[in-house]
Amino acid sequence: MNPGWFPTKFDMITVKNITKHFGKFKALDDLNLTMDRGECIALIGPNGCGKTTLIKSILGMVLPEKGEITFEGKNIKNDDEYRRDIGYMPQIGRYPENMTIEQVLNMVQGIRKHASDVDLDLYNAFEIEKFKTKRMRTLSGGTTQKVSATLAFMFQPKVLILDEPTAGLDPIAAEILKEKIIAAKNKGCLILITSHLLSELEDFVSQIIFMQDGQLILHKNVDDLKATTGQATIAKSIIHLLKELKS
Amino acid sequence: MMQILKYVALDILKNKIVIAYTVMLALFSWSAFGLEDNASKGVLTLLNIILLTVPLVSVLFTTIYVYNSNEFIELLISHPVKRSKIWKSLFIGLSTSMVVAYVIGTGIPLLLFADFGTAIMMITAGSLLSIIFVAVAFLSSILTRDKAKGIGISIIAWLYFALLFDGLVLFLFFQFADYPIEKVVVALSALSPIDLTRILILLRLDVSAMMGYTGAIFQNYFGSSWGLLLSFGLLLLWILIPFYFSLRKFKKKDL
């Protein structure tokens with residue numbers, strides 16, 4: 001965590017007073033956040049609480065009407081280059097239907113010309129080679145997720161943003177991905193991950209962000225959280241906390 | 001930009017609708033020249049067909065294609081690519097394929113049957129018209145997220161420019177026949193790219209009888225060469241303005 005008086009050299013991403021409406025619906029409500037290098041942050045909260053909107057705002061896909069987001073100290077507004085350092089795995093990967101897996105991978109590599117050595121661990125582990133000539137339209141949800149994961153890790157980014165990464169993956173693939181996430185964390189990546197399966201996050205998450213109705217309810221270290229609630233697991237601590245909040 | 005353009009172009013070239021469009025234009029052109037014994041009559045027949053079909057196909061195909069490119073745009077946007085680059089690549093890709101289809105379909109018979117100057121003029125004007133309606137489609141598809149609505153807007157735009165506009169001008173002309181409204185009518189004709197294209201070709205062919213009201217006044221007012229230059233410039237504006245506004249809106253769009 002970054003106390004207020006400390007120089008912000010560890011800040012990777014800061015979110016300041018972000019507000020976003022979709023029509024009348026308030027998806028993000030004056031949200032403030034600081035995310036540091038080397039942390040693995042679980043972003044949790046009920047459906048429609050603004051998790052995906054927050055992620056998309058960081059990626060510049062959604063443009064908030066108020067507030068600013070900085071990436072390594074620079075405002076991301078009107079900037080595209082910062083996305084070189086981000087690997088993003090969407091919740092539901094949507095790809096051009098008529099392109100083959102190979103074409104998609106080649107195109108993205110072509111766009112990221114600077115990428116010197118490409119990380120093909122997941123490409124090999126998921127055995128994508130076998131069906132690389134298949135069109136994206138014909139792929140199952142799980143296979144599409146494998147392609148998304150491969151793309152997210154391919155360019156060895158400093159920040160990984162994973163939206164429900166294991167949803168739809170078979171247990172073996174999910175395990176491979178989990179190991180890859182842990183490896184990235186050990187290398188010092190900032191990892192932002194959303195998931196509804198709290199038990200899955202248990203092994204590698206270092207911080208928890210809990211959101212509700214577009215607001216930040218809680219941002220804590222996992223160890224602190226467990227200590228204050230007196231529970232053994234993240235899932236139990238969160239439930240404990242929610243009950244407390246209600247009463 | 002070239003990278004993105006390459007994949008856009010590859011995808012459109014594989015599209016059967018573009019191929020069918022090329023064949024259709026070729027059929028129209030060959031039969032227009034085959035049926036008329038006089039080449040300049042053939043050009044006029046072809047002109048009337050082109051003024052209806054080229055805008056319709058360009059605007060509809062582009063609108064649908066842009067909506068179907070949503071996934072493609074989403075994929076690219078999470079990578080370090082400028083939004084304007086994605087939008088421009090799509091625009092250049094679609095414009096190029098529409099122009100290529102038009103040039104192959106009508107250009108060859110035009111060069112064979114019509115005199116060279118007229119053929120070149122028709123090819124240029126038709127290509128501009130194609131690009132204009134690609135730009136109009138870009139604007140209508142960014143106005144709404146709903147594909148059906150977007151296609152509706154495109155069809156209405158086509159109806160307006162291809163059919164309603166001339167009627168409206170005529171109506172105005174009759175209503176205000178007692179007043180000197182020639183200047184107004186000239187200004188109005190700038191508001192319809194299809195009218196402008198017609199004027200461009202007819203000024204070249206020098207058949208004022210076929211020009212309709214706006215065209216006749218245009219020639220009176222500017223004489224042939226100035227009229228040509230002016231209408232050409234206005235057509236370019238018709239590409240730039242809709243595309244500029246669509247780009248501005250795309251840069252602010254939530255994906």
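The values are calculated or read from the model by the stated rules, or taken from the named source; none is laboratory data. Small disclaimer: the values here were computed from a predicted structure and weren't measured. Heads up, the Cβs are rebuilt from the backbone with ideal geometry, glycines too, and the neighbour counts pull from every protein chain shown.
Restricting attention to segment B:147-163, does a residue exist that is out of contact with any helix residue (DSSP H, G or I) (no Cβ under 6 Å at 6 or more places or on another chain), touching a residue at least 60 places away in the same chain (Cβ under 8 Å) and farther than 19 Å from A:Asn98 by Cβ?
In the first step, residues of segment B:147-163 are kept if they are out of contact with any helix residue (DSSP H, G or I) (no Cβ under 6 Å at 6 or more places or on another chain); the result is B:148-149, B:152, B:155-156, B:159-160, B:163.
Imposing the further condition that a residue be touching a residue at least 60 places away in the same chain (Cβ under 8 Å) reduces the set to B:155.
Checking which are farther than 19 Å from A:Asn98 by Cβ leaves us with B:155.
Yes, some residue in segment B:147-163 is out of contact with any helix residue (DSSP H, G or I) (no Cβ under 6 Å at 6 or more places or on another chain), touching a residue at least 60 places away in the same chain (Cβ under 8 Å) and farther than 19 Å from A:Asn98 by Cβ.
I'd like to know if segment A:38-51 contains one or more residues that are modelled with pLDDT of 90 or more, more than 28 Å from A:Asp223 (Cα to Cα) and either within 14 Å of chain B (Cβ to nearest Cβ) or touching a Lys or Arg at 6+ places or on another chain (Cβ under 6 Å) (or both). Checked segment A:38-51: no residue is modelled with pLDDT of 90 or more, more than 28 Å from A:Asp223 (Cα to Cα) and either within 14 Å of chain B (Cβ to nearest Cβ) or touching a Lys or Arg at 6+ places or on another chain (Cβ under 6 Å) (or both).
Within segment A:17-28, which residues are away from chain B (no Cβ under 13 Å), surrounded by fewer than 18 Cβ atoms within 10 Å (Cβ to Cβ) and on the phi < 0 side of the Ramachandran plot? Even if it seems obvious, please write down each step before you answer.
Taking segment A:17-28 as the starting set, the residues that turn out to be away from chain B (no Cβ under 13 Å) are A:17-19, A:24, A:26.
When the remaining residues are screened for being surrounded by fewer than 18 Cβ atoms within 10 Å (Cβ to Cβ), the result is A:17, A:19, A:24, A:26.
Of everything in segment A:17-28, those that are away from chain B (no Cβ under 13 Å), surrounded by fewer than 18 Cβ atoms within 10 Å (Cβ to Cβ) and on the phi < 0 side of the Ramachandran plot turn out to be A:Thr19, A:Lys24, A:Lys26.
Restricting attention to segment B:234-252, the residues that are surrounded by fewer than 15 Cβ atoms within 10 Å (Cβ to Cβ), over 14 Å from the mean Cα position of the chain (by Cα) and either away from every other protein chain (no Cβ under 14 Å) or not in a helix (DSSP H, G or I) (or both) add up to 2.
State which residue is farthest from A:Thr138 (Cα to Cα) when the search covers only segment A:73-95 and only residues that are in a loop (DSSP other than H, G, I, E, B) and within 7 Å of chain B (Cβ to nearest Cβ).
Of the residues in segment A:73-95, the ones in a loop (DSSP other than H, G, I, E, B) are A:73, A:76-80, A:90-95.
Imposing the further condition that a residue be within 7 Å of chain B (Cβ to nearest Cβ) reduces the set to A:80, A:94-95.
Values: A:Asp80: 31, A:Arg94: 12, A:Tyr95: 11 Å.
Top of the filtered list is A:Asp80.
The condition of being of a type outside the set (Asp, Glu) and at pLDDT below 90 holds for only one of B:Leu52, B:Leu44, B:Leu56, B:Leu27, that being B:Leu44. On the stretch given as segment B:1-36, residues that are in a loop (DSSP other than H, G, I, E, B) and either within 14 Å of B:Phe91 (Cα to Cα) or away from every other protein chain (no Cβ under 11 Å) (or both) total 2.
Filtering segment A:159-197 to residues that are touching a residue at least 60 places away in the same chain (Cβ under 8 Å) and farther than 20 Å from A:Ile209 by Cα leaves nothing. Determine whether B:Val66 is more than 14 Å from chain A (Cβ to nearest Cβ), assigned to a helix (DSSP H, G or I), surrounded by 17 or more Cβ atoms within 10 Å (Cβ to Cβ) and in contact with a helix residue (DSSP H, G or I) (Cβ under 9 Å, 6 or more places away or on another chain). No; evaluated as a whole, the condition is false for this residue. Picking from residues in segment B:80-91 that are surrounded by fewer than 21 Cβ atoms within 10 Å (Cβ to Cβ) and either without any contact (Cβ under 8 Å) to a residue 12 or more places away in the chain or hydroxyl-bearing (Ser, Thr, Tyr) (or both), the one that is farthest from the other protein chains (Cβ to nearest Cβ) is B:Ser84.
Within 24 Å of B:Phe232 (Cα to Cα), among the aromatic types (Phe, Trp, Tyr) and away from every other protein chain (no Cβ under 14 Å): is that true of B:Phe61 in this structure? For B:Phe61, the condition - within 24 Å of B:Phe232 (Cα to Cα), among the aromatic types (Phe, Trp, Tyr) and away from every other protein chain (no Cβ under 14 Å) - is not met.
Looking only at segment A:96-149, how many residues end up being assigned to a helix (DSSP H, G or I) and not hydrophobic (A, V, I, L, M, F, W, C)? Show your work before the answer.
Filtering segment A:96-149 for residues assigned to a helix (DSSP H, G or I) gives A:101-111, A:121-125, A:128-131, A:136-138, A:141-149.
Cutting the leftovers down to not hydrophobic (A, V, I, L, M, F, W, C) gives us A:102-103, A:106, A:109-110, A:121, A:123-124, A:129-130, A:137-138, A:141-146, A:148.
Final tally of qualifying residues: 19.
Regarding segment A:46-64, can at least one residue be identified that is in a strand (DSSP E or B), of a type outside the set (A, V, I, L, M) and under 23 Å from A:Ile193 (Cβ atoms)?
First, pick out the residues of segment A:46-64 that are in a strand (DSSP E or B): none.
No, segment A:46-64 contains no residue that is in a strand (DSSP E or B), of a type outside the set (A, V, I, L, M) and under 23 Å from A:Ile193 (Cβ atoms).
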